[in-house]
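A.B. asks: Quick one: this structure, given as structure tokens, is what I'll be asking you about.
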Amino acid sequence: MNDRAGRGLWEGDTPPVTAGPEKNLGGEAEINPLQRSAQKLLKNDGNSTYSWTLTCNLGLTEVRYPEEGLIPRHGNVIALVEWGQGAASFRAEVDMKTGAQFSVVATSITVSAMLDPDEPRDDGLILSARAAAAIVWGTRPGRAPCTRTQTRAIAAGDSLIVPVPPFADSLFVGSPDPLIMSGAAGPVTLNFLSGPAATDLNVLTLTNAAGFFQEYRQIVPPGPARFVEIVNGAGVPLDISLVWALSL
């Protein structure tokens with residue numbers, strides 16, 4: 001952005017984030033189970049005068065798995081994203097998958113990466129991966145939703161409450177057990193709650209009866225929903241994934 005003399009309009013001030021030094025526009029780091037905290041990929045602070053639409057590209061490569069054994073191999077790497085304008089700041093967690101993109105309007109952004117803290121630390125967990133993040137000016141060309149996945153194991157007859165992730169827009173419910181998806185194994189209930197306890201206001205209840213989880217690929221939670229209670233009324237242990245599409 002230049003004036004008529006060809007000078008940057010931000011001369012003498014901190015430039016917008018996409019005009020910062022190369023080292024602040026992208027970075028990489030190794031992610032492994034021994035790390036106690038998220039690894040920073042990039043940090044960029046711009047001038048609040050210049051609000052820019054940013055697209056962040058996320059990449060995940062060089063995934064190293066343990067030797068094949070009795071425990072299934074697994075490992076979800078997530079990006080921790082913090083961005084803001086002026087005195088306001090926001091935070092979201094994004095599945096890195098094998099690559100993802102999202103767009104925000106911001107004058108500052110920090111992106112870190114880590115293994116999902118809810119992943120079991122067992123012999124099947126990936127040994128390491130290479131995570132990358134880079135920002136560019138403008139909106140992202142692809143429109144596939146970025147997601148945040150919560151995977152849980154719940155014993156028969158038990159229940160669990162998980163928080164709705166920041167910026168969650170809609171929900172897909174999945175399970176590797178087709179009998180759970182069809183409802184043939186017994187009822188699995190989702191209660192969308194306004195607070196963190198089962199006794200808080202329930203604003204929506206859904207079950208897997210009649211194959212509901214198979215038929216409805218997009219569940220839009222009510223505005224007051226802050227938590228989801230998963231009640232396993234089936235006669236078998238429940239492996240379930242809540243895949244949230246994020247409004248980013």
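A.B. asks: Please enumerate, by chain and number, the aspartates and glutamates with C-alpha under 16 Å from the C-alpha of Lys23, excluding those fewer than 8 residues away in the same chain.
C.D. replies: In chain and number order, the partners are Asp45.
A.B. asks: Moving on to the next point. Can you give the extra length, in nm with one decimal, that the chain gains between Ser103 and Val63 once fully stretched, where that is 0.36 nm per residue apart less the Cα-Cα distance?
C.D. replies: That pair, Ser103 and Val63, stretches by 11.8 nm at full extension.
A.B. asks: Asn32 versus Gln218, label points 7 Å from Cα toward the beta carbon: distance in nm?
C.D. replies: 4.2
A.B. asks: Same structure again: Mind checking the log10 I(q)/I(0) for the range 147-246 at q = 0.14, 0.18, 0.20 Å⁻¹? Debye, one equal scatterer per Cα, no solvent, two decimals.
C.D. replies: -0.45, -0.77, -0.97
A.B. asks: Please check the chain for the longest run free of trypsin sites (Lys or Arg not before Pro) that are loop-located per DSSP (anything but H, G, I, E, B) and have at most 11 other Cβ atoms within 10 Å.
C.D. replies: Counting at most 11 other Cβ atoms within 10 Å as exposed, the longest clean stretch of the chain is 144-248.
A.B. asks: Using the number of other C-beta atoms within 10 angstrom as an exposure proxy, rank Glu68, Glu93 with the fewest first.
C.D. replies: Taking fewest neighbouring Cβ atoms as first place, the list is Glu68, Glu93.
A.B. asks: Compute the FRET efficiency between Ser170 and Asp200 as 1/(1 + (r/R0)^6), taking r as their Cβ-Cβ distance and R0 = 22 Å, and round to the nearest 0.05.
C.D. replies: Once the sixth-power term is evaluated, E becomes 0.50.
A.B. asks: Given the peptides 155-163, 13-21, arrange them by the average over their residues of other C-beta atoms within 10 Å, most packed first.
C.D. replies: 13-21, 155-163
A.B. asks: Let me ask you something else. How big is D, in µm² s⁻¹, for the chain by Stokes-Einstein at 20 °C and 1.002 mPa s if Rh is the Kirkwood radius over C-alpha pairs?
C.D. replies: Answer from the Stokes-Einstein relation: 107 µm²/s.
A.B. asks: With a cut-off of 14 Å, note down the residues of the range 125-147 whose backbone N falls inside the zone around a label point 7 Å from the Cα of His74 toward its beta carbon.
C.D. replies: 125-126
A.B. asks: Now for a separate question. Quick one: which of 194-200, 75-81 comes out on top by average Cβ neighbours within 10 Å, and what's the full order, highest first?
C.D. replies: Highest-to-lowest ranking by the protection proxy: 75-81, 194-200.
A.B. asks: While we're looking at this one, here's another question. Under a crude label model (7 Å from the Cα following the beta-carbon direction), how far is Ser51 from Ala144 in nanometres?
C.D. replies: Between Ser51 and Ala144, the label points sit 3.1 nm apart.
A.B. asks: Also: What does the charge dipole of the range 1-156 about its Cα centre add up to, to the nearest 20 debye, if the Cβ of each Lys and Arg holds +1 and the Cβ of each Asp and Glu holds -1?
C.D. replies: 340
Each reported figure results from applying straightforward, stated rules to the coordinates on display, with no laboratory input. As the structure is a prediction and not an experimental result, all values here were calculated from the model. Cβ coordinates were reconstructed from backbone atoms using ideal geometry, including for glycine residues, and neighbour counts include every protein chain displayed.
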